[in-house]
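Undergrad: Okay, here's the structure, questions in a sec.
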Amino acid sequence: MKTNFIFNDIRWRWLLWFVSAIAICALMAQSVSPLFPFDGWDSAVYRMVSDCWLRGALPYVDVFDNKGPYLYLIQAIGSWLGGGRWGIFVLVIINFTLIIELVWQITGVILNKVSLRLCALAVFLLHFLLMFERGNLTEDWSMAPILLSLWLAMRRLSEPTDLQIGREVYVYGLCFGVVTLMRPTNSLVFAAIVLGFSGLLLYQKQFKALGIATLCFIAGTVAAIAPMAVYFYCHDALGEAFNCVFTYNILYAQMWSAVSGDYWPVHNLMLMLPAIIPLACSFIYDRKNHTRFAVVIIPATILFCLIHLNQATYYHYYALLTPMVAVGGAMILNLHKHLLSVICVALLLPSCYLKRAEITSLWKIQPPSFEYIDGSYNGMQCWADYIPTNQRDDVMLFDTGVGECALYTLMQTVPPMRFTHLTTQLMAVDPAIRAEVDEYLRHNNPQWILISSTSNYPLMQQKLTQYTLVAEDSYLRLFRQHEE
């Protein structure tokens with residue numbers, strides 16, 4: 001009874017979620033957690049872009065990345081709050097607290113008992129944290145809008161009468177716009193909600209309601225996208241922003257797995273195995289309880305699998321499957337099917353196996369250092385120390401990994417060339433990038449170049465004849481322009 005009081009009282013429940021989020025994020029959000037010295041991989045790029053934005057540079061125009069501006073706005077707010085990664089860490093905790101509460105609300109649509117809802121929440125946390133990839137990624141920040149829309153949709157679909165369209169459709173559009181301007185392919189759940197609701201309204205011949213819902217969804221989307229569109233238009237950067245967020249991402253989806261070699265079909269299939277849970281359970285649950293959850297859950301799951309079947313094997317992509325897995329787990333608990341519960345656990349085991357290295361890394365909490373962690377350089381101070389303060393605004397990165405972008409955040413400078421990481425891979429995806437990089441190399445001579453030891457791009461190798469090797473290790477080489 002006392003336990004139920006804690007979970008039924010919103011103040012105590014939110015306090016519990018907040019304390020839990022602090023503990024979870026301190027251990028798992030290693031890119032921003034004070035317990036780990038790791039600057040992150042993609043997280044380092046996002047922080048660099050946002051810090052450059054705060055210093056007056058424009059994302060996409062002055063610093064390239066292919067994520068949407070709302071992601072960089074979140075990073076900028078965190079940096080503005082103070083302490084760089086500390087400010088972002090606070091936002092990560094708040095975001096995770098909201099995520100837990102939204103999952104709790106979703107489980108309440110299917111389950112009544114607190115103990116069962118906690119079990120469904122545990123299923124969500126298990127799968128989500130396995131795919132978490134050290135935090136501060138687009139999937140993490142997209143999760144709250146996705147869960148909010150899924151909760152509102154399931155609450156509406158749980159009503160036994162004909163589908164009634166309410167104000168939540170505007171919220172769907174608003175969340176869709178925000179998530180699209182973080183990473184477009186993260187918006188699959190919204191596509192499923194639109195397909196499911198449209199199909200039901202057409203089946204019920206509610207054509208007027210469908211028209212109103214469409215207008216509300218569009219209005220919400222416009223309300224989310226318009227501020228960023230106006231901002232970049234006023235700075236003569238709307239076209240470049242569109243190219244980076246949408247045009248380049250189409251090329252990225254088509255070519256990146258082949259260019260980078262980060263594609264393992266067997267791993268992809270293993271990571272997709274939990275998709276069987278929502279596909280099977282939503283169908284069984286709807287038949288028994290005369291509900292219509294499958295019209296959203298099944299399309300969302302199928303769309304996810306189709307999109308990611310031939311994509312690069314980055315585990316954090318599969319975090320977007322977690323809401324459907326959690327819903328399927330809640331349905332199993334409602335059905336009290338012991339065999340289904342065993343199958344559910346078995347389907348999660350391959351993900352645990354593939355992520356075993358990250359699970360064991362929880363025992364590697366250590367004070368800040370400049371050692372290699374999992375093959376990626378975690379601290380750039382040792383390289384920055386070679387560069388005089390008055391020359392730090394003219395340091396070019398070429399063919400380095402994404403984590404090395406932390407150098408610009410550390411030096412508080414803007415890159416002299418907007419392409420700062422994975423240079424030859426970016427050029428292989430988009431010929432326009434190759435032309436721009438070649439043009440820069442032919443007509444510019446930055447004072448310093450930090451380059452991957454394995455880079456062999458001919459034009460860069462020719463340019464390095466004008467430079468002196470200052471320092472190197474097994475991964476990076478630092479060059480300074482010859483002194484006259």
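The values are calculated or read from the model by the stated rules, or taken from the named source; none is laboratory data. Note that the structure is predicted; figures quoted are calculated from it, not measured. Here the Cβ is made from the backbone with ideal geometry for all residues, glycine too, and neighbour counts use every protein chain on show. Areas reflect the complete protein model, heavy atoms only, side chains present, ligands, DNA and RNA absent. Shrake-Rupley method; radii C 1.70, N 1.55, O 1.52, S 1.80 Å.
Undergrad: Between Ala471 and residues 5 or more places away or on another chain, which pairs have amide H atoms under 5 Å apart, with H built 1.01 Å from N, and which residues are they?
TA: Those qualifying (amide H under 5 Å, at least 5 residues apart or on another chain) are Leu478.
Undergrad: Under 1.5 on a/c is rounded, so check that first for the range 173-229, then, if it is not, pick prolate when a/b is larger than b/c and oblate when it is not; a ≥ b ≥ c are the square roots of the alpha carbon gyration tensor eigenvalues.
TA: Here the range 173-229 falls in the oblate category.
Undergrad: Between Ile22 and Asn112, what FRET efficiency follows from the Cβ-Cβ distance if R0 is 25 Å, with the result rounded to 0.05?
TA: 0.30
Undergrad: Right, here's the next one. Which residues does the label zone of Ile6 cover in the range 113-132, counting backbone N under 20 Å from a point 7 Å along Cα→Cβ?
TA: 113-126
Undergrad: In addition: What are the residues whose amide H is under 5 Å from the amide H of Thr413, where those residues sit 5 or more places off or on another chain and H is modelled from the backbone?
TA: Residues meeting the amide H criterion: none.
Undergrad: Answer rounded, prolate or oblate for the range 223-282, using the Cα gyration tensor with square roots of eigenvalues a ≥ b ≥ c: rounded when a/c is under 1.5, else prolate when a/b is larger than b/c, else oblate.
TA: oblate
Undergrad: Here is a follow-up. Expressed as a whole percentage, what fraction of the accessible surface of the chain belongs to carbon and sulfur atoms when a 1.4 Å probe is rolled over the protein heavy atoms?
TA: Solvent-exposed carbon and sulfur of the chain make up 65 percent of the total.
Undergrad: Going by alpha carbons, how many degrees (0 to 90, nearest 10) lie between the helix axis of 138-157 and the longest principal axis of the chain?
TA: Its long axis makes an angle of about 20 degrees.
Undergrad: Beta carbons within 10 angstrom, averaged per residue: use that to sort the peptides 28-37, 256-265, highest first.
TA: 28-37, 256-265
Undergrad: Which of rounded, prolate or oblate describes the range 55-100 when judged by the alpha-carbon gyration tensor and an a/c cut-off of 1.5?
TA: oblate
Undergrad: Further question: If you fit an axis through the alpha-carbon atoms of helix 338-354 and take the longest principal axis of the Cα set of the chain, what angle between them do you get, 0 to 90°, nearest 10?
TA: With rounding to tens, the tilt is 0 degrees.
Undergrad: Using only Cα atoms, tell me the angle between helix 276-289 and the longest principal axis of the chain; keep it within 0 to 90° and round to the nearest 10.
TA: Helix 276-289 sits roughly 20 degrees off the main axis of the chain.
Undergrad: Show me, for the range 57-73, the HN-Hα J-couplings you get by feeding each phi into the Karplus relation (A = 6.51, B = -1.76, C = 1.60, θ = phi - 60°), rounded to Hz, glycine and proline as x.
TA: Once rounded to whole Hz, the list reads 7, 9, x, 6, 7, 9, 9, 8, 7, 10, 9, x, x, 5, 5, 6, 5.
Undergrad: According to a simple spin-label model (label point 7 Å from Cα along Cα-to-Cβ), what is the distance in nm between Leu81 and Leu35?
TA: Label-label distance for Leu35 and Leu81, simple model: 1.8 nm.
Undergrad: Separate question: Return the whole-Å distance between the Cα centroid of the range 298-339 and the Cα centroid of the range 119-171.
TA: Result: 12 Å between the Cα centres.
Undergrad: If you count, for each residue, the other Cβ atoms within 10 Å and average over each peptide, how do 441-450, 231-240, 180-189 line up from highest to lowest?
TA: 180-189, 441-450, 231-240
Undergrad: Further question: For percent of Cα pairs over 39 Å apart, which listed value, (i) 56; (ii) 33; (iii) 26, comes from the coordinates shown?
TA: Derived directly from the coordinates: (iii).
Undergrad: Leaving out ligands and nucleic acids, note down the accessible area per residue over the range 90-157 with a 1.4 angstrom probe, in whole Å².
TA: So the range 90-157 comes to 26 Å² accessible per residue, rounded to a whole number.
Undergrad: OK, next. When only Cα pairs under 8 Å and 6 or more residues apart are kept, what is the percent relative contact order across the range 238-342?
TA: The normalised contact order for the range 238-342 reaches 35 percent.
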